[in-house]
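*Asks:* So that we are looking at the same thing, I have put the structure below in structure tokens.
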Amino acid sequence: MKEKVELILREAESEIEKVTKEADLLNVKSKLLGKSSKVNELMTDLKSMSIEEKKQYGRVINELKYDLEQMIQSKYNSLNTNEFLDFDHTLPSNQDHGSLHPVTIVSKEVTDILTKMGFIILNGPEMESEYYNFEALNIPKNHPARDMQDTFYLDNGLILRTHTSTNQVRGMEKYGAPIRLCAPGRCFRNENIDHSHDNTFFQLEGMVIDKNVSIGNLIYVMKELLDNVFKKDVKVRLRPGFFPFVEPGFELDCSCLICEGIGCPTCKGSGWIELCPCGMIHPNVLRMSGINPDEYNGFAFGMGLTRLAMMKYKIDDVRVLNSGDLMSLERFNLK
Ligand code: DAH
């Protein structure tokens, strides 16, 4: 054991000595102390020893670990000191600047346009109760619509919100009617991941409640929004769609901007992208949040911000958006 420990220390010394960069030091650290390190092998040897031996060698191994950590820490300190001294704050930067994430950019654009139309911006929690995510949106327990949204259930009895529609309820409860609100945010579903699905994605909820609101108002707001986001005349179409919290409900599609309507994997060859389910708010939803449906009505929409960012920046694989891969961001020319 003693020889083994000395050998490990000597090897560690020479490896640490050679390191010149912080990143390399992290690799050396994991080699010396990580799961497949020699130190870990010694720990495994301990298991088959008697209690007396365990005490004796356990202490030796702990000291070895301590020594290795000290060596790594002092190397780390010396690397950082040098880097700091070499750094001249007065030099002009020739480094690439970072950029905002594509979803952040479209979210800001959409909320800017909507706030000009008099919408307020609401932020709700990502960890939600089933009441806000389902019940208050006219999706009672055991309703089949719950199965459509593969929900992540948490140990604390709450869930990860499957959509931003939760904020319709929060907005109505807090502000009552009339109201215009939008709520961008992250949503979660237990999806199989592929180029067009991720388990974490962004939506933007929009809601207008007033007297005598019409489907014409809904179409106007949606078209105005999309034209402004894409800075051109975007083709839209409405198809009937079912969502328990709207009646009538629609699927709003826009012409696929990746292939200009010809057909590609992102639009599954149809030339259209399902962008924004919407509809006239169901009277039950208004009633449950204390708004009289005989007096007020309204529309709501749930825009796929992730999908919108993909359209706008011609990103053909949703997985890059949560990958943290800077090279991909450069590819989209966002700098
Ligand atoms: N929350 C729905 C979903 O994620 C989308 C949705 C549909 C939102 C219709 C709406 C709406 O506001 O009116 O599946």
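Values quoted throughout were computed directly from the atomic coordinates according to the rules given, and no laboratory measurement underlies them. Nothing here was measured: the structure is a model prediction, and the numbers come from that model. Please note: Cβ atoms are built from the backbone with ideal geometry, for glycine as well, and neighbour counts cover all protein chains shown.
*Asks:* Compute the Rg/Rh shape ratio of region 135-242: radius of gyration over Kirkwood radius, all on alpha-carbon atoms.
*Replies:* 0.99
*Asks:* Still on this model: Could you pull out every residue, at least 5 positions away or on a different chain, whose amide H is within less than 5 Å of the one on Asp150? Hs are placed 1.01 Å off N in the peptide plane, and Pro or chain starts have none.
*Replies:* Result for Asp150 returns Asn190.
*Asks:* Could I ask something else about it? I need to check one value: relative contact order of the chain, counting alpha carbon pairs closer than 8 Å and at least 6 residues apart, in percent.
*Replies:* Averaging sequence separation for qualifying contacts and normalising by length gives 15 percent for the chain.
*Asks:* Ordered by residue, what ³J(HN,Hα) values in Hz, to whole numbers, does region 238-253 give under the Karplus form 6.51 cos²θ - 1.76 cosθ + 1.60, where θ = phi - 60° and Gly and Pro are x?
*Replies:* Couplings: 10, 10, x, x, 10, 9, x, 9, 9, 7, x, x, 9, 10, 9, 9 Hz.
*Asks:* Calculate for the chain the 222 nm mean residue ellipticity that helices alone would give, adding -39,500 (n - 2.57) per DSSP H run of length 4 or more and normalising by residue count, nearest 500 deg cm²/dmol.
*Replies:* -13500 deg cm²/dmol
*Asks:* While we're on this one: Binned at 10 Å from 0, what are the whole-percent values of the Cα-Cα distance distribution for region 177-307, short to long?
*Replies:* Reading upward from the zero bin: 12, 39, 35, 12, 2.
*Asks:* Taking the Cα centre as origin and putting +1 on Lys and Arg beta-carbons and -1 on Asp and Glu beta-carbons, what dipole magnitude results for the chain, to the nearest 20 debye?
*Replies:* Computed about the Cα centre, the dipole is about 480 debye.
*Asks:* Something else now. So for region 14-91, taking the charge dipole from beta-carbon charges (+1 Lys/Arg, -1 Asp/Glu), which of Leu42, Asn27, Thr90 sits furthest toward the positive end?
*Replies:* Projecting each Cα onto the dipole axis, the largest value belongs to Leu42.
*Asks:* Output needed: percent of Cα pairs per 5 Å distance bin for region 115-175, bins running from 0 to the one holding the longest distance.
*Replies:* So the P(r) values, bin by bin, are 4, 17, 28, 23, 14, 8, 5, 2, 0.
*Asks:* I've got another one for you. What are the ³J(HN,Hα) values, in whole Hz, obtained from phi via the Karplus relation 6.51 cos²θ - 1.76 cosθ + 1.60 with θ = phi - 60°, for each residue of region 122-131 in sequence order, with x given for Gly and Pro?
*Replies:* Per residue, the Karplus-derived 3J(HN,Hα) values read 10, 10, x, x, 7, 9, 10, 8, 5, 4 Hz.
*Asks:* Now a separate question. Can you give the net charge of the other residues whose Cβ lies under 13 Å from the Cβ of Thr166, counting K and R as +1 and D and E as -1?
*Replies:* Net charge around Thr166: -2.
*Asks:* What's the local net charge at Lys29, with K and R +1, D and E -1, over the other residues with C-beta under 12 Å away?
*Replies:* For residues surrounding Lys29, the net value is -1.
*Asks:* About its Cα centre, what dipole magnitude does region 83-198 give when the only charges are +1 on Lys and Arg Cβ and -1 on Asp and Glu Cβ, stated in debye to the nearest 20?
*Replies:* Charge dipole, region 83-198, about its Cα centre: 840 debye, nearest 20.
*Asks:* Now for a different question. Convex hull over the Cα atoms of region 1-140, averaged projected area in nm²?
*Replies:* Mean projected area of the Cα convex hull: 18.5 nm².
*Asks:* Whole-Hz ³J(HN,Hα) for each residue in region 196-205, computed from phi via Karplus 6.51 cos²θ - 1.76 cosθ + 1.60 with θ = phi - 60°, x for glycine and proline: what do you get?
*Replies:* 10, 10, 9, 7, 10, 8, 10, 10, 10, 8
*Asks:* Which cysteines in the chain lack any other cysteine whose Cβ sits under 4.7 Å from their own Cβ?
*Replies:* If one checks each Cβ against the other cysteines of the chain, Cys182, Cys187, Cys254, Cys276, Cys278 turn up with nothing under 4.7 Å.
*Asks:* Here's another thing I want to ask about it. With an 8 Å cut-off on Cα pairs and a minimum separation of 6 or more residues, tell me the relative contact order of region 206-325 in percent.
*Replies:* 28 percent
*Asks:* Evaluated at 37 °C with a viscosity of 0.692 mPa s, what Stokes-Einstein diffusion coefficient in µm²/s does the chain have when Rh comes from the Kirkwood expression over alpha-carbon pairs?
*Replies:* Diffusion coefficient, whole number: 135 µm²/s.
*Asks:* What shape does region 1-82 take by its C-alpha gyration tensor, where a ≥ b ≥ c are the square roots of the eigenvalues and a/c under 1.5 counts as rounded, a/b above b/c as prolate, and the rest as oblate?
*Replies:* prolate
*Asks:* Which residues' amide hydrogens lie under 5 Å from the amide hydrogen of His282, considering only partners 5 or more residues apart or on another chain, with H built in the peptide plane?
*Replies:* Val246, Glu247
*Asks:* Related question: Using the Cα atoms of region 181-253 to build a convex hull, what is its mean projected area in square nanometres?
*Replies:* Average of the hull's projected areas for region 181-253 equals 6.4 nm².
*Asks:* Per residue, what volume in Å³ does the convex hull of the Cα atoms of region 22-67 enclose?
*Replies:* Cα convex hull per residue, to the nearest whole number: 51 Å³.
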